[in-house]
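Student: Can you read through this structure? Questions will come right after.
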Amino acid sequence: TEIPIREKNIVLIGFMGVGKTTIGRLVAKKLYRDFIDIDEEIEKTYNMPVTQIFKELGEKKFRQMEREIITKICSNTRLKIIALGGGAYLQEEVRKVCLSKCIVYFLDLSWDSWKERLPLIINSRPVLQNKTLDEIEALFFKRRAAYSLHNSKVSTNDLDPETAANYIVDSLI
Ligand code: S3P
């Protein structure tokens, strides 16, 4: 049975460091709803930081964990605001469950704006380790193909998190 649109979970997707968690928290607060950060759920479930999961169990295992948690949460909850990890949406099964059960917002940032944030996030993101800036740029643009499968896009270039969150809230009414 179809989920009423007003009860659907809101899922935020986009590249690492675009503000999915920060903006998601604000949207949840403004709507008086619960916020779920998928990376945080993985860390709680397996009692291990994401960086350690990558190091000790490998990326493949991490992708399986995130796929399972996203599928479970999207299938069994409503009215949540959910921030995905930047790589989760590359998996077809994740795209399918999100697009069928949730409203998917793509948080978009230009490469030039994103580049300025790189120093702030590089150490905490295993996917960015041992890559040249050119390689990171290639990944940034390659992933846009998957992110383009969304319900709604927010260009966050000139928006502070508060304004971006208001934009999402207003778009729901
Ligand atoms: C990843 C993004 C991270 C985290 C993990 C892998 C990725 O989440 O899930 O380090 O492949 O893009 P954020 O998008 O919150 O940085």
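The values are calculated or read from the model by the stated rules, or taken from the named source; none is laboratory data. Keep in mind that this is a model prediction, so the values were computed, not measured. Please note: Cβ atoms are built from the backbone with ideal geometry, for glycine as well, and neighbour counts cover all protein chains shown.
Student: What about I103, is it within 16 Å of the ligand (Cβ to nearest atom) and touching a residue at least 12 places away in the same chain (Cβ under 8 Å)?
Tutor: No, not satisfied.
Student: Would you point out the residue of the range 125-143, among those that are loosely packed, with under 12 Cβ neighbours inside 10 Å and more than 26 Å from P49 (Cα to Cα), that is farthest from the ligand (Cβ to nearest atom)?
Tutor: This residue is D134.
Student: If you don't mind, there's one more thing I want to ask. For the range 116-143, what are the residues that are under 18 Å from the mean Cα position of the chain (by Cα) and without any contact (Cβ under 8 Å) to a residue 60 or more places away in the chain?
Tutor: I122, I136, L139, F141, K142
Student: Of all residues in the range 144-160, which are crowded, with 17+ Cβ neighbours inside 10 Å and either within 14 Å of the ligand (Cβ to nearest atom) or within 15 Å of the chain's Cα centre (by Cα) (or both)?
Tutor: A146, Y147, H150, V154, T156
Student: Looking at the range 101-159, which of its residues are outside any loop (DSSP other than H, G, I, E, B), touching a strand residue (DSSP E or B) at 6+ places or on another chain (Cβ under 7 Å) and of a type in the set (S, T, N, Q)? If you could, list the steps in order and put the result at the bottom.
Tutor: First, the residues of the range 101-159 that are outside any loop (DSSP other than H, G, I, E, B): 101-108, 111-124, 126-128, 133-147, 152-155.
Narrowing the set further to residues that are touching a strand residue (DSSP E or B) at 6+ places or on another chain (Cβ under 7 Å) leaves 101-108, 147, 152-155.
Of everything in the range 101-159, those that are outside any loop (DSSP other than H, G, I, E, B), touching a strand residue (DSSP E or B) at 6+ places or on another chain (Cβ under 7 Å) and of a type in the set (S, T, N, Q) turn out to be S152, S155.
Student: Working carefully through the options D108, D160, D170, find the one that is at pLDDT 95 or above, under 17 Å from G86 (Cα atoms) and not hydroxyl-bearing (S, T, Y).
Tutor: Sole residue among the options that is at pLDDT 95 or above, under 17 Å from G86 (Cα atoms) and not hydroxyl-bearing (S, T, Y): D108.
Student: Assess whether I38 counts as being within 9 Å of the ligand (Cβ to nearest atom) and either hydroxyl-bearing (S, T, Y) or in contact with a Leu (Cβ under 7 Å, 6 or more places away or on another chain) (or both). Walk me through it before giving the result.
Tutor: Details: within 9 Å of the ligand (Cβ to nearest atom): yes; either hydroxyl-bearing (S, T, Y) or in contact with a Leu (Cβ under 7 Å, 6 or more places away or on another chain) (or both): yes.
Yes: the conditions hold for I38.
Student: Another question, if that's okay. What number of residues within the range 42-100 satisfy the criterion of being in a helix (DSSP H, G or I), touching a residue at least 24 places away in the same chain (Cβ under 8 Å) and hydrophobic (A, V, I, L, M, F, W, C)?
Tutor: 13
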